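Just below is one structure, and these are the notes that go with it.
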Amino acid sequence: MKYSSIYESFKSECSTFGEVQELRIPKPEPGFKEHSDEMKAEYGKIYVKFSAFKDAHACLLGLCGRTFTGRIVIGSYVDEFDFQNGLL
């Protein structure tokens, strides 16, 4: 599945729980498969910011344990300061 397709699909799914303000999917550098033993942990993660905490909570409860593009969704909260400043 291509990046844009994953982005749109996950954003659409998250939007069913509330207003998504921002969605980030870290992308690996070109040629990352050549160094698979050096794979960074953030690849495969998706960060979503909602306009209201209750929507984020509903999404977390609604998506955890489900499968998305062949991977099981595991969710948690991240610090808002870290999210805003790209410290993820």
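The values are calculated or read from the model by the stated rules, or taken from the named source; none is laboratory data. Remember, predicted model here, so these are calculated numbers, not experimental data. When we count neighbours, we look across all protein chains shown, and the Cβ atoms used for this are built from the backbone with ideal geometry, even at glycine.
See the values below:
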quantity	calculated
Residue, surrounded by the most Cβ atoms within 10 Å (Cβ to Cβ), within the range 56-78, restricted to residues that are in a helix (DSSP H, G or I) and small (G, A, S)	A56
Inter-residue pairs, beta-carbon under 7 Å, first under 15 Å from T67 (Cα atoms) and among the hydroxyl-bearing types (S, T, Y) and in the range 1-21, second at pLDDT 95 or above and exposed (fewer than 12 other Cβ atoms within 10 Å of the Cβ), 6+ apart	none
Meets criteria (among the aromatic types (F, W, Y) and out of contact with any strand residue (DSSP E or B) (no Cβ under 8 Å at 6 or more places or on another chain)) for F50	no
The range 79-88, subset assigned to a loop (DSSP other than H, G, I, E, B) and surrounded by 10 or more Cβ atoms within 10 Å (Cβ to Cβ), residue modelled with the highest pLDDT	D79
